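Each remark here refers to the structure printed beneath this line.
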Amino acid sequence: MEAAVPDQHLIDLIDRAAYLRGRYLTSFAQCEFLLADLSVKVDSRFRYALEKRINAAKAMADASGPLNAYADDFLPLIENIGFWSERRHWFAHGFLTIHTYAHGKHAFEFRRYERRDGGLALLKWIADIDELQNAADAINRYCSAFVALHRRIYLELGIENEGE
């Protein structure tokens, strides 16, 4: 029995989705690493969990913290990382299926499990290629702002090459 070979349009859609998934995850990882790196360089502590990194960054930006001079720019960026986390879970942990319909329409279905009320729930998220593109573009803009601010902090505090 011969396996059905998908047409080129379908292959291109799947390749594009995989690429956008990778772009999203790469941008998120850049931000996640910078939170850890800043913590290590500013207060010599490594925090594994993202929530702990965010809380430490907030503490460092408070009135008496070493990053207080950057608080107006820094706090909105780190407080918004949670917005990007949910989608990151879909991209990092979701099983991806593509559904095709008449006239070239398509939908990507992501599935993942989550603990809820003492049990497990199978969650689904449906998106088309434009939604995946928009998500990747949006987090890329966020990541660029995040990296630029960290670059400024590192240069002004003289910590850009510490530990290397």
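Below are the figures for this structure:
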read-out	value
Pick from segment 98-120, criterion within 17 Å of R87 (Cα to Cα) and surrounded by fewer than 14 Cβ atoms within 10 Å (Cβ to Cβ), ranking: modelled with the highest pLDDT	Y113
Candidates D117, D137, filtered to the one that is of a type in the set (D, E), free of Cβ contacts under 8 Å to residues at least 24 places away in the same chain and on the phi < 0 side of the Ramachandran plot	D137
Segment 121-154 - residue that is among the polar types (S, T, N, Q) and under 13 Å from S27 (Cβ atoms) and, of those, surrounded by the most Cβ atoms within 10 Å (Cβ to Cβ)	N140
Enumeration of residues in segment 41-56 that are surrounded by 15 or more Cβ atoms within 10 Å (Cβ to Cβ) and in a loop (DSSP other than H, G, I, E, B)	R47
Matching option when the condition is part of a loop (DSSP other than H, G, I, E, B), of a type in the set (D, E) and free of Cβ contacts under 8 Å to residues at least 40 places away in the same chain, among E160, E131	E160
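The values are calculated or read from the model by the stated rules, or taken from the named source; none is laboratory data. Just so we're clear, the structure is a prediction, and the values are computed from it rather than from any experiment. A quick note on method: Cβ atoms are made from the backbone with ideal geometry, for glycine too, and the neighbour counts reach across all protein chains shown.
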